[in-house]
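To start, the structure itself, in structure tokens.
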Amino acid sequence: MREKTLLLHGWGGSDNPHWQAWLAGEIAKDYGMVAFPLLDNPHFPTKNRWMTQVKELMAQFQPEVVICHSLGNILWLHLCNEGEIDPVKRLLLVAPPRLDLELDTLKSFFPVSIPDFLYAEEALLVTSTNDPYMSSEEASTLQEVLDIEMKVLENAGHINADSGFGEWPWAKEWVMG
């Protein structure tokens with residue numbers, strides 16, 4: 001039986017040709033159960049609305065796997081700090097921005113503290129050596145504090161469609177594996 005997978009996009013969404021949109025389609029084509037919601041007002045998001053929406057979705061869908069990209073990671077950290085979600089089996093954190101990012105449009109999300117518990121039995125952090133939103137040093141510090149495994153991609157930018165991540169077979173293998 002396939003695990004239920006929830007994908008949480010970042011600022012502005014992750015529509016086609018982003019790897020999350022591709023991955024959602026790949027999971028569905030293989031008869032997997034996937035939820036890939038467009039979170040409320042993705043270009044001008046607010047933390048509280050997104051948290052409410054995801055908590056409701058998690059209660060209804062009960063995912064076993066959660067895959068976050070960019071601002072979706074920050075949302076997950078806030079959910080973990082609040083502690084009102086059920087743990088999942090596997091968590092993939094892809095290209096999180098630094099935890100004190102200063103952008104007016106996203107000010108309700110930052111800063112965020114690192115939670116004591118990620119609400120996941122297994123977690124993996126995927127970062128890039130040249131992500132404009134998080135330096136390699138910041139990524140290493142995050143990985144150490146979270147005490148989880150980290151995969152570092154060379155010159156992969158923000159690991160999104162703009163940096164060539166439309167189809168991403170590695171992500172599909174991670175989900176299906």
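The values are calculated or read from the model by the stated rules, or taken from the named source; none is laboratory data. A quick note: this is a predicted structure, and the numbers were derived from the prediction, not measured. Neighbour counts are summed over all protein chains in view; Cβ atoms, including those assigned to glycine, are modelled from backbone coordinates with ideal geometry.
Residues being crowded, with 17+ Cβ neighbours inside 10 Å, over 22 Å from A156 (Cβ atoms) and of a type in the set (F, W, Y) are represented in the range 49-72 by at least one member. Within the range 97-140, being of a type in the set (S, T, N, Q) and without any contact (Cβ under 8 Å) to a residue 24 or more places away in the chain holds for S136, S140. Quick one: L124 ticks every box in (1) crowded, with 18+ Cβ neighbours inside 10 Å; (2) hydrophobic (A, V, I, L, M, F, W, C); (3) in a strand (DSSP E or B) except a single one, so which number is it? For L124, the exception is condition (1). Looking across the range 103-121, the residues that are surrounded by 18 or more Cβ atoms within 10 Å (Cβ to Cβ) and not in a loop (DSSP other than H, G, I, E, B) come down to L106, F109, A120.
How about the range 149-177: which of its residues are at positive phi and either part of a strand (DSSP E or B) or touching an Asp or Glu at 6+ places or on another chain (Cβ under 9 Å) (or both)? G157, I159, listed by residue number. Screening A120 on (1) touching a strand residue (DSSP E or B) at 6+ places or on another chain (Cβ under 8 Å); (2) farther than 29 Å from D86 by Cβ shows it passes everything except condition (2).
Yes or no, residue by residue, for (1) in a helix (DSSP H, G or I); (2) within 15 Å of L91 (Cα to Cα):
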residue: A21; (1), (2): yes, no
residue: L38; (1), (2): no, no
residue: T52; (1), (2): yes, no
residue: P63; (1), (2): no, yes
residue: L75; (1), (2): yes, yes
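Among the residues making up the range 29-56, those that are under 15 Å from I67 (Cα atoms) and among the hydrophobic types (A, V, I, L, M, F, W, C) are M33, V34, A35, F36, L38, L39, V54. Within the range 49-66, residues that are closer than 21 Å to R2 by Cα sit with their Cβ atoms under 7 Å from residues that are outside any helix (DSSP H, G or I) and modelled with pLDDT under 95, at 6+ positions apart or across chains, in these pairs: E64/E3; V65/E3.
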